[in-house]
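This report refers to the structure that appears directly beneath it.
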Amino acid sequence: MELELLQSTKAETAPKSTKLSTAGKTLIFTTGGVAVGLSIVCIPFVSPALRRICLPYVPATTEQLAGVTKALANRSGRLLDVGSGDGRIVFTAAKLGFKADGVELNPWLVYYSRIAALLNPAYRDTKFYRRNLWTFDLKPYDNIVIFGVEQMMNEFENKLLQEAKNDTVVVACRFPLPNMTPIETIGHGVDTVWKYVVRKNTQ
Ligand SMILES: C[S@@+](CC[C@H](N)C(=O)[O-])C[C@H]1O[C@@H](n2cnc3c(N)ncnc32)[C@H](O)[C@@H]1O
Ligand SMILES: *[C@@H]1O[C@H](CO)[C@@H](O)[C@H](O)[C@H]1NC(C)=O
Ligand SMILES: *[C@@H]1O[C@H](CO)[C@@H](O)[C@H](O)[C@H]1NC(C)=O
């Protein structure tokens, strides 16, 4: 069952297979082969309703990174990348001056990100948590970036509305939040990035 889901997700991401394998090679190179097959690692969500849904490791494209950068224009403070992969969004944000963190379930990707952070002084203030996103508190963050899968966006939107602070900017890559209205849409196709602002009403 999980395999079927993985296959359908992979079929959908087919145009990006070249980038995927390049990233895979980089990881295999840097981790001495331990990361073989990382791109097909399939981690089921712990959230009961979505136990069978896979969030595969698909790194953000250059276009998506540019879209995220644009969506974060004039923003500052703390930033979280939810499912931070190899850390590329966290590192992009660090270069933009954010105090940027990543939360990621796959330990190899967390180790890879931590090592990359140690090797570059510009990434000194980044932090990578090896944690499940569904039990990770979003409250401290002024900016939240998510590149997930379609099936999780509704539940993630609920989590955001419960936890995120008023005025928090949310940037979704590839798959939009199903109910919130974006204040900006950047790029197109698989590289689309949506920008939202969390608005809380006073009682
Ligand atoms: C589509 S990738 C995006 C990676 C990165 N944000 C980027 O844009 O390059 C999604 C990431 O979420 C991670 N992930 C999947 N389920 C997770 C969970 N329950 N908690 C934290 N991370 C998870 C996967 O391991 C994968 O690295
Ligand atoms: C960011 O600030 C600059 C300078 O005040 C302004 O020209 C620009 O329009 C702003 N961009 C956004 C996306 O708000
Ligand atoms: C949320 O922020 C907006 C804009 O900054 C403000 O108008 C509104 O009163 C705030 N809501 C709460 C509950 O603080």
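The values are calculated or read from the model by the stated rules, or taken from the named source; none is laboratory data. Fair warning: this is a prediction, and the values are worked out from it, not measured in the lab. Positions of Cβ are backbone-derived with ideal geometry, glycine not excepted, and every protein chain shown enters the neighbour counts.
Worth a mention:
- Of all residue pairs spaced 6 or more apart or on separate chains, those with beta-carbon atoms under 6 Å, a first member in the range 190-201 that is touching a residue at least 40 places away in the same chain (Cβ under 8 Å) and a second member that is within 16 Å of ligand 1 (Cβ to nearest atom) and acidic (Asp, Glu) are 191/63.
- Only one of the numbered conditions (1) surrounded by fewer than 22 Cβ atoms within 10 Å (Cβ to Cβ); (2) at pLDDT below 95 is violated by residue 152, and that is (1).
- Only one of 154, 179, 158 that is away from ligand 1 (no atom under 16 Å from the Cβ) and either assigned by TED's automatic domain parsing to the domain that holds residue 79 or in a loop (DSSP other than H, G, I, E, B) (or both): 179
- Beta carbons closer than 6 Å, at least 6 apart along the sequence or on distinct chains, pair a first residue in the range 109-138 that is of a type in the set (Ser, Thr, Tyr) with a second that is in a helix (DSSP H, G or I) for 123/91; 123/94; 123/117; 126/90; 126/94; 126/117.
- Total residues in the range 73-104, condition buried (at least 21 other Cβ atoms within 10 Å of the Cβ) and in a loop (DSSP other than H, G, I, E, B): 6
- Failed criterion for residue 165 (all others in (1) without any contact (Cβ under 8 Å) to a residue 40 or more places away in the chain; (2) in a helix (DSSP H, G or I) hold): (2)
- Between 171, 103, 149, 193, the distinction of being touching a helix residue (DSSP H, G or I) at 6+ places or on another chain (Cβ under 7 Å), within 16 Å of ligand 2 (Cβ to nearest atom) and closer than 16 Å to residue 58 by Cα belongs to 193 only.
- With respect to being of a type in the set (Phe, Trp, Tyr) and more than 16 Å from residue 60 (Cβ to Cβ), residue 134 fits the description.
- Considering residues of the range 168-179 that are in contact (Cβ under 8 Å) with a residue 40 or more places away in the chain and over 15 Å from residue 78 (Cα atoms) only, the residue surrounded by the fewest Cβ atoms within 10 Å (Cβ to Cβ): 174
- Filter result for the condition that a residue is of a type in the set (A, V, I, L, M, F, W, C) and closer than 26 Å to residue 162 by Cβ, over 103, 58: 103
- Some residue of the range 116-126 being in a loop (DSSP other than H, G, I, E, B), within 12 Å of ligand 1 (Cβ to nearest atom) and either surrounded by fewer than 17 Cβ atoms within 10 Å (Cβ to Cβ) or of a type in the set (A, V, I, L, M) (or both): no
- Within the range 50-66, the presence of at least one residue that is at pLDDT below 95 and surrounded by fewer than 17 Cβ atoms within 10 Å (Cβ to Cβ) is confirmed.
- Qualifying residue in the range 174-193 (condition: within 16 Å of ligand 3 (Cβ to nearest atom) and within 14 Å of the chain's Cα centre (by Cα)): no
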